[in-house]
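I have placed the structure first, in the form of structure tokens, so that the comments after it can refer back to it.
Here, each number is a calculation from the coordinates, and none is a lab measurement. Only a predicted model underlies this, so the values are computations on that prediction, with no experimental measurement involved. No Cβ is skipped: glycine too gets one built from the backbone with ideal geometry, and neighbour counts run over all protein chains shown.
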Amino acid sequence: YTLKSLWPFHAFLHSVLQQLVVKDTGQIFIEPVDQNEVPDYGDIVKHPMDLQTMEIKIKNSEYSSLEAFENDFNLMVSNCLAYNSKETIFYKAGIKMRDQGGTVLRTAKRDLKVLD
Ligand SMILES: CCOC(=O)c1ccc2c(c1)NC(=O)[C@@H](C)N2
């Protein structure tokens with residue numbers, strides 16, 4: 001058994017995504033920011049990203065590499081740190097997701113390589 005040979009890539013990405021969902025304890029990354037609730041969000045964030053959208057992209061085979069998946073993760077975090085000011089709960093949750101999600105992705109990258 002190796003991760004690359006027997007486990008379809010989308011199943012691998014889905015398991016990485018689930019680990020990121022678990023880290024989102026405040027559930028602020030779980031779905032797109034509601035622009036009716038946050039009317040100026042679109043003025044600052046040009047490319048919104050969230051974990052639900054990433055799951056849809058996995059299902060649509062839109063990620064051809066772990067790097068492409070990681071790029072969306074980094075976009076989601078940078079949007080959060082750009083829009084929310086430093087003292088907010090949202091910003092602090094962004095730092096936490098950047099750090100804890102970064103560890104999830106580092107481990108996933110290692111697994112992909114070492115089990116090949
Ligand atoms: C019901 C109101 O929801 C929000 O105001 C809100 C909900 C979710 C959010 C968010 C705002 N801001 C963000 O930057 C991203 C990370 N998540």
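Taking Q100, Q35, Q52 as the candidate residues, the one with maximal mean-square fluctuation in a Gaussian network model of the chain, Cα springs under 10 Å, is Q35.
Pairs K4/K96; K46/K86; K57/K92; K46/K96; K57/K109: which are spaced more than 25 Å apart, C-alpha to C-alpha? Present the calculation step by step, with values, prior to reporting the outcome.
Values: K4/K96 30 Å; K46/K86 20 Å; K57/K92 27 Å; K46/K96 23 Å; K57/K109 19 Å.
Distance filter (> 25 Å) returns K4/K96; K57/K92.
Shown here for region 45-101: trypsin sites (Lys or Arg not before Pro) in loop regions (DSSP other than H, G, I, E, B) with at most 15 other Cβ atoms within 10 Å, namely K46, K86. The GluC sites (Glu not before Pro) of region 65-116 that DSSP puts in a loop, and whose beta carbon has at most 12 other beta carbons within 10 Å, are E87. For the chain, the convex hull drawn through the C-alpha positions has a volume of 94 cubic angstrom per residue.
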